[in-house]
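Notes follow the structure.
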Amino acid sequence: MRDMLVVGAGYVGLSAAVAVKQAAPHLDIAVVEAAPAGVWQKDMRASAIIAAATRMLEVFGMWGDIEPDAQPITKMIVTDSKTSDPVRPVFLTFDGEVEDGRPFAHMIPNVVLVRALRGACERLGIDIHHGFSATGLSIADTHATVTASDGSVQETRLVVACDGVRSHLRDLAGIKTVSWDYGQSGIVTTVEHERPHHGCAEEHFLPSGPFAILPLKGNRSSLVWTEPTPEANRLVASDDLIFEEELERRFGHKLGALKVVGDKRAFPLGLTLARAFVAPRVALAGDAAHGIHPISGQGLNLGFKDVAALAETVVEADRLGLDIGSINILERYQAWRRFDTFRMGVTTDVLNRLFSNDLAPLRIARDFGLGIVDRLPGLKSFFVGQAAGTTAKDNPRLLAGQTI
């Protein structure tokens with residue numbers, strides 16, 4: 001029987017396995033996922049990783065492998081306009097550093113991050129099993145049994161569900177969710193441009209939804225482009241010439257000619273919050289616990305916060321000789337993470353509703369608010385620290401750059 005079984009081999013699942021195994025090498029930990037081996041190598045997207053999460057990656061000993069491919073975000077600007085406006089006034093700017101030499105976030109290609117985490121799993125002796133599609137879950141007093149579609153089983157003291165926003169394991173554990181659809185989809189792709197971005201990220205609030213330009217290494221940027229779902233599907237299905245023409249209307253010309261160099265994909269956007277983060281012998285982490293709008297760029301980073309809190313809870317319980325899968329232990333993790341997640345979910349929901357429209361009174365009020373924040377350096381520093389995850393008083397040790 002294993003000590004911990006992680007279901008899902010994305011960034012959150014792999015990080016959870018590494019965090020616990022590194023601090024408690026004697027524990028028997030494995031990761032299972034439904035996807036075949038090698039699928040992760042086809043993911044051409046990139047993710048914004050906040051400063052607190054890079055501290056955790058440093059503790060894992062993998063930041064040196066990731067940093068050469070990581071693009072620091074040195075500045076961020078926020079605009080609010082119509083797509084047809086000839087000029088987009090800048091209402092808010094943020095400097096990129098939260099402390100000397102540490103930007104508040106980096107853009108990291110997903111394949112680079114997953115490769116480093118898989119390498120850490122290999123070094124630590126964590127097995128990763130592919131083609132394991134969980135179809136059953138039974139809970140006993142001392143362990144949980146997870147059954148796969150091929151009839152194989154895994155017995156473990158603790159199951160960590162990291163299998164995404166449509167988590168099947170969450171359903172098997174009987175955990176309900178609160179969710180709704182925004183009627184929007186996020187178009188994700190990568191573009192090349194003639195001129196350098198100098199590490200500057202941009203968020204344009206347009207009536208159809210936020211349009212984010214996020215810098216990558218070289219003269220490339222990652223886009224997260226929000227549109228009503230029918231329009232997003234139309235754009236993704238269009239040829240590159242039409243897509244690039246629509247893209248230029250939103251991106252502008254300050255970085256020169258644009259060319260799409262990555263796959264165009266659209267992801268439906270909504271809010272999903274689990275009513276509970278734990279059940280007997282089961283803990284949810286990452287999108288299995290919460291799926292939020294990408295307007296704040298915090299979705300993956302919320303998952304890393306889950307990992308750090310869960311790992312600290314599990315490791316400390318193990319050191320005290322306690323049962324790491326007991327509901328009493330897991331409820332400590334839930335108490336640690338639930339309020340922060342709910343607060344971020346509500347914040348992104350309100351921001352999306354506030355900015356994804358063109359009502360004149362709302363537009364005037366939000367632009368006035370952005371302008372006020374831009375003129376108060378102390379308030380801006382507070383918001384940057386919150387976004388970077390470096391100022392939270394209840395940060396787990398890993399996010400502070402400390403070992404468990």
Qualifying residue in the range 173-183 (condition: under 26 Å from residue 318 (Cβ atoms), in contact with a helix residue (DSSP H, G or I) (Cβ under 7 Å, 6 or more places away or on another chain) and modelled with pLDDT of 95 or more):
no
Considering every residue within the range 195-210, establish whether at least one is loosely packed, with under 15 Cβ neighbours inside 10 Å and touching a Leu at 6+ places or on another chain (Cβ under 6 Å).
yes
Residue 86 is checked against (1) at pLDDT 90 or above; (2) out of contact with any strand residue (DSSP E or B) (no Cβ under 9 Å at 6 or more places or on another chain) and fails just one. What number does that condition carry?
(1)
Where a residue in the range 218-232 is in contact (Cβ under 8 Å) with a residue 12 or more places away in the chain and its partner, wherever it lies, is surrounded by 18 or more Cβ atoms within 10 Å (Cβ to Cβ) and of a type in the set (Phe, Trp, Tyr), with Cβ under 8 Å and at least six apart
223/211; 223/251; 224/211; 225/211; 226/211; 232/225
Are any residues in the range 24-59 acidic (Asp, Glu) and either assigned to a helix (DSSP H, G or I) or surrounded by 21 or more Cβ atoms within 10 Å (Cβ to Cβ) (or both), and if so, which ones?
33, 58
Close pairs from the range 313-339: first free of Cβ contacts under 8 Å to residues at least 12 places away in the same chain, partner among the polar types (S, T, N, Q) and not in a helix (DSSP H, G or I), Cβ under 8 Å, at least 6 apart:
none
Quickly run through the range 196-230 and pick out the residues that are at pLDDT 90 or above and part of a loop (DSSP other than H, G, I, E, B).
196, 197, 198, 199, 217, 218, 219
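The values are calculated or read from the model by the stated rules, or taken from the named source; none is laboratory data. These numbers were taken from a predicted model, which means no experiment stands behind them. Glycine also receives a Cβ, built like all others from the backbone with ideal geometry; neighbour counts cover every protein chain displayed.
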